[in-house]
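Step one of this worksheet: look at the structure below.
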Amino acid sequence: MIPRPAVGLIYLRDALHAFSSADMIAQIQYAREQPEVRAVVLVIDSPGGTVIDTEAVYLELAKLREQKPVVTMAQGMATSGAYYLSVGTDYIFAGPSSPVGNVGVLSQLPPAPSVFEDIVSTGPYKLFGSARDTDLRRLEAIKQAFYQAVSLGRGDALQIGPETLLRGEVWLGGEAQQLGLVDELGSVSQAIEHAAERAKIANYRTVNLREPAGLSPEILFPFFMETTEGGLTPYPRQPGMYLLWIPPTNGAQP
Amino acid sequence: MKRWAILILVGIALLLIPIVGRTLWFYRGAYRAPETVPLPAFSEITIPELPLHGEISLSAEQAEQNSASKRVVLIDTAHSNRFDVSELETLTRALASRGVTIQLLDSNASFDPIGLEGRLKFASAYIVISPFESFTASEVDAVRRFVERDGRLLAILDPTRSSSDAELFGLSDFSTGSDITAANQLLEPFDLAFSDDYLYDLVENEGNFRNVFLENFSENPLTDGLETVTMYAARSVYTEAGTPLILGGETVFSSISDMGGGLSVAAMSPNMGALALGDLTFFQPPYDGVTDNHQLIENVADFLISGERKPALEDLPYVFDGPVAVIQSGDFSLQAETLTALGATKSTLNAAGIELIFAEDPLPDADRFVLGLFDPDPDITEYLAPLEITLPSNDPDGLLHVPGFGALNPAGIGVVAVSHEEGQTTLALLAEDEEKLVSLLERMSLDLVEDCLVQGAYGLCTVGDGEGFNSSDEFEFDLEFEEAFSD
């Protein structure tokens, strides 16, 4: 009759790719449709991922927020695309040393258009999608959208301007709070309590939304490039546009 | 009725109590969701367009004037240079329109036996781009001397060439060295140095933070006609006594310091002979057409041919600019040995694109290669006059007078002298007799500086027995020359 309210938990513990974003969207839709789920906490430990998957989840979150409060807990890293999702929620918690930020886009440019003996096409960009220079400029457009999302999401709390934010730096949770990138340092429990307060519920239960949403256990999607020894690198396997933090390797910077 | 009503009310109450109880237990109010959740204006964000600028074409008069040039510009591909010559097409096209011949320096000695030091003897300019292999001390010295003799050096680095994708992705442990180290080693004598950075501008840029607009210019022919140039990932260049030419504004930052103001992407050496440029990308279409980049490329081409190199014996055998006519003393009959030596000289000059012509009558516009003996000969007197050499037969003591060297005993001496008048170069080889003259001619293709005494436009070589000077040789030198040589 009056079901016990629940705070739904959605975990993102992988890069944002086709599989992880589909899983998140299924859980977000479930939360939206279930009246007993009164609030949602997004528990994030992710370097971000593809542009399209990030934007897809971001837009679903916006729809959910029209009904229910959503709170982020940056338990591990919430960088790039993962931070993009965070700013699309009502409140952001972070661990004191959780890497946060890395606002920006990266891409591997397509090869310069050329023609081949045995592969024919009907236009200069049929095989390549776009000119290299166009790709570079699209990157800028995606960055602008990212910046707008941060600006809208953080509002007056944001203490830094675009010239600092768009440098793409990664900040620790404590620094991020001082700069207004997150609201509070805390834990998952605090995030759940805060979400419940926003939803004005008490004596609630918490539910990991994965199982109720009918999802099978998480499987490892081959998103990252592998080393010859079989280990994972922080680099995506496929060329494309990414809202992703790639930690420096061998001193190199993206 | 009243009892029934009471029972109904009690029933409703019993139903409502748990509802109200659970509601009060679970809820502290009603959540009021925002009316709208603001989203980025995805559809209104536009992709920045390339700010293309109209091309500048050479005037017919300028093109005709330029096509008369016989200059050679040497492009280095011998130092593990990370670029493709096709990336320089806009510059090579601009040079070609100025009548310049482009030559490539190859690292493989079997393909390029002349080498850097040899090619610098006849080149007008030397371009080195992203070298990942160090220069030898003798190469650095040769380039320094080349610029001192009014040759032009253009060094270009581009931060995008410093690391490969494989290195970035951590998939390659192979280190290819540093282009900064190699380039700065070459530029050190010219008070120029590249920084190990890239420039960026987060406030106003050309489509990406690393594509920077530059609007501050020092007065120099290289910056003529420039209002804005755009560099696509550029290194900054530092000079203490030289001239920073193209500078970024306050919002153009260096990646090393994340600070800006006064950072230069191009700088000129104090002697105006060496130019360091921090970007290669702007030479390539479509970026050559952005803002005033095309004008800058034209200016760079002008810079490369702006040197007025005077023929010097250090450059032997490449002291000529165009076709060379051999003029010989009437007393000197061509022998088989002479022809062999001249054939070798002809081959050497051909490598520099210079033709050696044997003609009975002097060609009015050709450079001159005069072969003569110390005995006076009216056939060649007019060509020797500008050299101001006094032959032994014209000296009361029978001594040979060579400017800068003073009076000499002519025995066993060969004289090499060069002059440049009214656009024509004359190289003269003089010796006591035919045998010694042939001996001198055979050394034409060798590095004369090594075993002859050279002072400005004159060189003295021992010919015949015991060729080559050593410390026991005695000459009456001018004091001025002694001082210069001891340096």
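Please go through (1) part of a strand (DSSP E or B); (2) touching a helix residue (DSSP H, G or I) at 6+ places or on another chain (Cβ under 6 Å) for B:His420 and return the number of the only condition it doesn't satisfy. Looking at each condition in turn, B:His420 falls short on (2). Restricting B:Phe132, B:Phe122 to those that are under 19 Å from B:Glu314 (Cβ atoms) and either in contact (Cβ under 8 Å) with a residue 12 or more places away in the chain or open to solvent by less than 10 Å² (accessible area, probe 1.4 Å) (or both) reduces the list to B:Phe122.
If the condition is being touching a helix residue (DSSP H, G or I) at 6+ places or on another chain (Cβ under 7 Å), more than 20 Å from A:Val105 (Cβ to Cβ) and outside any strand (DSSP E or B), then region A:64-95 contributes A:Leu64, A:Gln67, A:Lys68, A:Pro69, A:Thr89, A:Asp90, A:Gly95.
Screening the candidates B:Phe283, B:Phe320, B:Phe253 for the property of being buried (at least 22 other Cβ atoms within 10 Å of the Cβ), assigned by TED's automatic domain parsing to the domain that holds B:Leu349 and touching a Leu at 6+ places or on another chain (Cβ under 9 Å) yields one hit, B:Phe320. Answer yes or no: is there a residue in region A:176-192 that is within 13 Å of chain B (Cβ to nearest Cβ), open to solvent by 30 Å² or more (accessible area, probe 1.4 Å) and either among the hydrophobic types (A, V, I, L, M, F, W, C) or more than 17 Å from the chain's Cα centre (by Cα) (or both). Scanning region A:176-192, I find no residue that is within 13 Å of chain B (Cβ to nearest Cβ), open to solvent by 30 Å² or more (accessible area, probe 1.4 Å) and either among the hydrophobic types (A, V, I, L, M, F, W, C) or more than 17 Å from the chain's Cα centre (by Cα) (or both), so the answer is no.
Suppose we keep only residues that are without any contact (Cβ under 8 Å) to a residue 60 or more places away in the chain and outside any helix (DSSP H, G or I) within region B:373-388. Which one would you say is surrounded by the most Cβ atoms within 10 Å (Cβ to Cβ)? Filtering first and then ranking leaves B:Phe374. The residues listed here are B:Leu296, B:Leu245; of these, the one that is within 16 Å of the chain's Cα centre (by Cα), in the same structural domain as B:Glu219 (by TED's automatic domain parsing) and not in a loop (DSSP other than H, G, I, E, B) is B:Leu296. Do we have A:Thr228 as over 20 Å from the mean Cα position of the chain (by Cα), assigned to a loop (DSSP other than H, G, I, E, B) and within 10 Å of chain B (Cβ to nearest Cβ) here? Judged against the criteria, A:Thr228 is a match.
Against the numbered list (1) within 14 Å of chain A (Cβ to nearest Cβ); (2) modelled with pLDDT of 95 or more, B:Pro270 comes up short only at (1). Of note, A:Thr206 satisfies the criterion of being surrounded by 13 or more Cβ atoms within 10 Å (Cβ to Cβ), of a type outside the set (Gly, Ala, Ser) and more than 20 Å from the chain's Cα centre (by Cα). Beta carbons closer than 7 Å, at least 6 apart along the sequence or on distinct chains, pair a first residue in region B:18-46 that is under 16 Å from A:Tyr204 (Cβ atoms) with a second that is open to solvent by 100 Å² or more (accessible area, probe 1.4 Å) and basic (Lys, Arg) for B:Phe26/A:Arg4. When region A:119-169 is filtered for residues that are β-branched (Val, Ile, Thr) and open to solvent by less than 20 Å² (accessible area, probe 1.4 Å), only A:Val150 remains.
I'd like to verify a number: residues in region B:5-44 that are within 8 Å of chain A (Cβ to nearest Cβ), polar (S, T, N, Q) and exposed (fewer than 10 other Cβ atoms within 10 Å of the Cβ), how many? Looking only at that region, the number is 1.
Only a single criterion out of (1) at pLDDT 90 or above; (2) of a type in the set (A, V, I, L, M); (3) within 20 Å of A:Ala26 (Cα to Cα) is not satisfied by A:Ala202, namely (3).
The values are calculated or read from the model by the stated rules, or taken from the named source; none is laboratory data. Only a predicted model underlies this, so the values are computations on that prediction, with no experimental measurement involved. Every residue, glycine among them, receives a Cβ derived from its backbone with ideal geometry; neighbour counts consider all protein chains shown. Note: areas computed on protein heavy atoms with side chains; ligands, DNA, RNA excluded. Shrake-Rupley method; radii C 1.70, N 1.55, O 1.52, S 1.80 Å.
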